[in-house]
Amino acid sequence: MLEMRRIPPCPICGKPAEVHWRPFCSRRCADVDLGRWFAGVYRVPTDETPEMPEAEWTETPDAARRMARDHGPR
Ligand SMILES: [Zn+2]
């Protein structure tokens, strides 16, 4: 059933997104977005929640979360 859903284009480059990298088209674009995300998060020295709507968080692909864990804060 999920296959029937239309995936919006990659927000980074605009190419058709891959299911695996949703909402991105490739690992590279997911990485680019993740990099921006981290840059924003780690710039904030407080515990306060970054300015990120919940809706966006729920749309974070599992792959990105996995990468977030792999990269980890240095
Ligand atoms: Zn892309």
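With respect to being modelled with pLDDT of 90 or more and at positive phi, Gly14 fits the description. One residue stands out in segment 20-35 among those that are part of a loop (DSSP other than H, G, I, E, B) and within 10 Å of the ligand (Cβ to nearest atom): the one that is surrounded by the fewest Cβ atoms within 10 Å (Cβ to Cβ), namely Ser26. A single entry from Ala63, Ala55 fulfils the requirement of being aliphatic (A, V, I, L, M), part of a helix (DSSP H, G or I), within 16 Å of the ligand (Cβ to nearest atom) and modelled with pLDDT under 95: Ala63.
The values are calculated or read from the model by the stated rules, or taken from the named source; none is laboratory data. Just so you know, these numbers come straight off a predicted model, no measurement behind them. Reconstructed Cβ throughout: ideal geometry from the backbone, glycine too, with neighbour counts over all protein chains shown.
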